[in-house]
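The values are calculated or read from the model by the stated rules, or taken from the named source; none is laboratory data. Values in this document were obtained by computation on a predicted structure and should not be read as measured data. Positions of Cβ are generated from backbone atoms using ideal geometry, with glycine treated the same way; all protein chains shown enter the neighbour counts.
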Amino acid sequence: MDPLEELRRRCMAMPEATERVSHGEPTWFVRGKKTFVMYADHHHDDRLAFWCAAPSGVQEELIAEDPEHYFRPPYVGHRGWLGVYLDVEVDWKEIGEIVADAYRCVAPKTLVARLNADHPES
């Protein structure tokens, strides 16, 4: 399983999500404007990961619970963004929930309502 393709599939499932390269990495946006997920293929270290928006307090909670899977990413970590390692065993269902939460953090209310209606389980 290619982590990039799995992540892409989940990001592009979000309403009006777009993808383009930003800072040299595949990045997903809401309506081409607001970033919600950025791939990090050995971007600032020797790890494969992604960085994403996260609800308040989630970054600290997940890093404290499981530092093997989560980290505070550079540049955006101070804003509460979450880093998620992809070079370890991952639960893709959980990744899908993290992506949906990242989307909810930056998407307009109308798109969040559409996501919630289309994917009530996430």
Residues satisfying the stated conditions in region 1-30, i.e. of a type in the set (A, V, I, L, M, F, W, C), under 18 Å from D91 (Cα atoms) and more than 13 Å from the chain's Cα centre (by Cα)
M1
Filter region 31-46 for residues that are more than 16 Å from E6 (Cβ to Cβ), over 10 Å from the mean Cα position of the chain (by Cα) and surrounded by 15 or more Cβ atoms within 10 Å (Cβ to Cβ) and give the result.
H43
Say whether the condition of being assigned to a helix (DSSP H, G or I) and free of Cβ contacts under 8 Å to residues at least 24 places away in the same chain is met by at least one residue in region 92-105.
yes
Checked pairs for region 31-52, first within 30 Å of T110 (Cβ to Cβ), second among the β-branched types (V, I, T) and not in a strand (DSSP E or B), C-beta under 7 Å and 6 or more apart or across chains, list as K34/V106; F36/V106; V37/V99; W51/V76; C52/I98; C52/V99
What residue, of A64, A53, is modelled with pLDDT of 95 or more and within 15 Å of the chain's Cα centre (by Cα)?
A53
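With the condition kept exactly as written, say whether any residue in region 87-96 is of a type outside the set (D, E, K, R) and under 11 Å from the mean Cα position of the chain (by Cα).
Filtering region 87-96 for residues of a type outside the set (D, E, K, R) gives 88, 90, 92, 95-96.
Restricting the remaining residues to those that are under 11 Å from the mean Cα position of the chain (by Cα) gives 95-96.
Yes, region 87-96 contains at least one residue that is of a type outside the set (D, E, K, R) and under 11 Å from the mean Cα position of the chain (by Cα).
Regarding V21, is this residue surrounded by 16 or more Cβ atoms within 10 Å (Cβ to Cβ) and β-branched (V, I, T)? Walk me through how you get there before you give the answer.
Numbers: surrounded by 16 or more Cβ atoms within 10 Å (Cβ to Cβ): no; β-branched (V, I, T): yes.
Considered against the rule, which asks whether it is surrounded by 16 or more Cβ atoms within 10 Å (Cβ to Cβ) and β-branched (V, I, T), V21 comes out as no.
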In the set G83, G57, which member is crowded, with 20+ Cβ neighbours inside 10 Å and not charged (D, E, K, R)?
G83
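V106: under 17 Å from M12 (Cβ atoms) and surrounded by 14 or more Cβ atoms within 10 Å (Cβ to Cβ), yes or no? Spell out the reasoning first.
Values: under 17 Å from M12 (Cβ atoms): yes; surrounded by 14 or more Cβ atoms within 10 Å (Cβ to Cβ): yes.
When the stated conditions are applied, V106 passes them.
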Determine, yes or no, whether D87 is touching a residue at least 24 places away in the same chain (Cβ under 8 Å), in a loop (DSSP other than H, G, I, E, B) and acidic (D, E).
yes
